[in-house]
Every structure is written in structure tokens, then in C-alpha cells.
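Only one structure is covered here, and it is reproduced in the block below.
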Amino acid sequence: MKFNLSPTLQNAKVILRPLQPSDEAELQPIANDKACWMYSPTDLSQPGELRKYITEAIAEREAGTCMVFTIIDVATNCIAGTTRLAEISWQHEHAHLGWTWIAPEFRGTGLNKAMKFEILRYGFEVLGLNRIQLRADERNIRSCKAIAGLGAKYEGTVRQHLKLYDGFLRSSAYYSILKSEWADSPLWMTSI
């Protein structure tokens with residue numbers, strides 16, 4: 001069964017449309033913010049890295065293992081960043097929600113929560129996934145709290161899981177939401 005991995009998702013706060021190569025020019029100023037890469041294996045502020053990132057993400061989408069979006073803030077109609085539902089395993093009915101980076105002016109505005117809601121809903125209700133995981137650097141307390149606020153359950157920390165672009169060996173805190181838990185997610189209780 002084939003699923004649409006290039007949908008446009010939206011609600012009152014966010015539009016998620018498929019990432020395109022033409023988005024590079026508007027995404028580059030956001031990628032130039034070094035704070036986006038503090039906990040990341042890649043620094044997309046470096047020359048050529050964003051183009052490579054976009055090309056690889058689109059190739060994964062075409063291979064059927066990834067949905068990759070450009071994030072648009074409805075209030076300003078501006079591109080705010082990008083995110084993905086990736087590592088999709090159709091056999092095991094699971095995926096990973098992450099690779100989210102947004103411009104500083106959109107952090108803490110509720111945009112991230114609105115975006116995650118739409119992706120989770122699509123993943124569980126349209127794609128039929130049973131499990132969606134999220135992870136964050138264990139030092140990134142803000143992200144860990146935000147993930148828990150989605151209703152995701154903490155599963156543990158994988159020690160020295162990723163080598164960051166600066167050589168640091170990051171330990172990743174893992175969380176997940178199961179399809180059976182989705183209807184009880186705190187996201188349903190908020191007005192998005």
C-alpha cells in the first residue's frame with residue numbers, strides 16, 4: 001500500500017508543506033544560527049551543508065522512508081524552519097519525529113507543538129504507524145521537557161549515541177508515543 005509522503009498539513013498556527021530545493025535560500029539565514037546545531041551531528045551553517053541536507057532528505061522521501069517539511073508560520077506567512085518524520089519502517093509500523101530546527105523568533109510561540117500535533121496525527125491516523133519516537137540530547141532540558149509535554153513517554157538514555165559536528169559524544173534521551181496512547185495525548189487538550 002502506498003501512502004502520500006508529500007502531504008501539506010496545517011492548522012491555525014502552522015503550514016507544513018513538502019521541502020523543496022527552492023526553499024534553500026529562505027532556510028539558509030535560519031541555518032546560519034549556530035544555536036540550531038548545538039546538539040546536532042551536522043552544522044548546516046557551513047558552506048554547502050544545507051544543500052546536501054535538503055538533497056538527502058528529499059531522496060529519503062522519494063525512497064519512501066521519510067516525510068520532510070518546510071515549516072511556515074501562519075501568523076506571519078514566513079518560513080520558520082524544517083522538520084521530518086523519518087526512519088519510517090513500514091514492516092514494524094514505527095518512525096522517528098525529529099530533525100526540527102526553527103528560527104529563534106518562532107521558538108516558544110507554540111509553533112513547534114502545533115507542528116508536532118499535525119505530524120503525529122498524520123503518522124497515526126493516516127499512515128497507520130503504531131509507534132513514533134522522539135529523541136534529544138540529554139543536556140537539552142528545554143527539548144526534553146517539550147517532548148514530555150507532548151505526552152511522549154521517557155524510555156531511557158542511549159549513552160554516547162551520536163558524535164556531534166564538534167566531536168562531542170552526545171547521549172540521547174529517547175521518548176515515544178504509541179498509537180494506543182495518541183487519543184489521550186495532552187495535545188488533544190490544547191487549542192491548536
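Bear in mind these aren't lab numbers, they're just calculated from the coordinates by the rules spelled out. Not measured: the values here are computed from a predicted model. Every residue, glycine as well, gets a Cβ built from its backbone with ideal geometry; the counts of neighbours run over all protein chains shown.
Against the conditions (1) part of a helix (DSSP H, G or I); (2) touching a residue at least 40 places away in the same chain (Cβ under 8 Å); (3) surrounded by fewer than 20 Cβ atoms within 10 Å (Cβ to Cβ), Leu120 satisfies every one except (3).
Among the criteria (1) closer than 26 Å to His161 by Cβ; (2) touching a strand residue (DSSP E or B) at 6+ places or on another chain (Cβ under 9 Å); (3) among the hydrophobic types (A, V, I, L, M, F, W, C), the one Cys78 does not fulfil is (1). Of a type in the set (Val, Ile, Thr), touching a strand residue (DSSP E or B) at 6+ places or on another chain (Cβ under 8 Å) and within 26 Å of Pro29 (Cα to Cα): does that describe Ile132? So Ile132 does not fit the description; no.
Does Gly108 satisfy being free of Cβ contacts under 8 Å to residues at least 12 places away in the same chain and among the small types (Gly, Ala, Ser)?
Numbers: free of Cβ contacts under 8 Å to residues at least 12 places away in the same chain: yes; among the small types (Gly, Ala, Ser): yes.
It is true that Gly108 is free of Cβ contacts under 8 Å to residues at least 12 places away in the same chain and among the small types (Gly, Ala, Ser).
For the stretch 1-33, the candidate set comprises residues that are in a helix (DSSP H, G or I) and small (Gly, Ala, Ser); within that set, the residue that is nearest to Cys78 (Cα to Cα) is Ala25. Taken over the stretch 39-77, the criterion of being assigned to a helix (DSSP H, G or I) and not aliphatic (A, V, I, L, M) is satisfied by Glu49, Arg51, Lys52, Tyr53, Thr55, Glu56, Glu60, Arg61, Glu62.
The residues on offer are Thr83, Thr109, and the sole one that is of a type in the set (Val, Ile, Thr) and not in a loop (DSSP other than H, G, I, E, B) is Thr83. Within the stretch 81-97, the set of residues being surrounded by fewer than 19 Cβ atoms within 10 Å (Cβ to Cβ) and touching a strand residue (DSSP E or B) at 6+ places or on another chain (Cβ under 9 Å) comprises Ala86, Glu87, Ser89, His92, Glu93, His94. Of all residues in the stretch 142-179, those being under 20 Å from Cys36 (Cβ atoms), among the small types (Gly, Ala, Ser) and part of a loop (DSSP other than H, G, I, E, B) number 1.
Does the stretch 125-176 hold any residues that are among the aliphatic types (A, V, I, L, M) and in contact (Cβ under 8 Å) with a residue 40 or more places away in the chain, and which are they?
So in the stretch 125-176, the residues among the aliphatic types (A, V, I, L, M) come out as 126-127, 129, 132, 134, 136, 141, 146-148, 150, 152, 158, 162, 164, 169, 173.
Val126, Leu127, Leu129, Ile132, Leu134, Ala136, Leu162, Leu164 - these are the residues of the stretch 125-176 that are among the aliphatic types (A, V, I, L, M) and in contact (Cβ under 8 Å) with a residue 40 or more places away in the chain.
Residues of the stretch 55-80 that are aliphatic (A, V, I, L, M), farther than 16 Å from Pro104 by Cβ and in contact with a helix residue (DSSP H, G or I) (Cβ under 6 Å, 6 or more places away or on another chain): Val68 alone. Taking each residue of the stretch 40-68 that is within 11 Å of Pro21 (Cα to Cα) and looking for partners that are assigned to a loop (DSSP other than H, G, I, E, B) with beta-carbon atoms closer than 7 Å, six or more apart or interchain, yields Leu50/Leu44; Tyr53/Thr42; Tyr53/Leu44; Ile54/Leu19; Ala57/Leu19; Ala57/Cys66; Ile58/Leu19.
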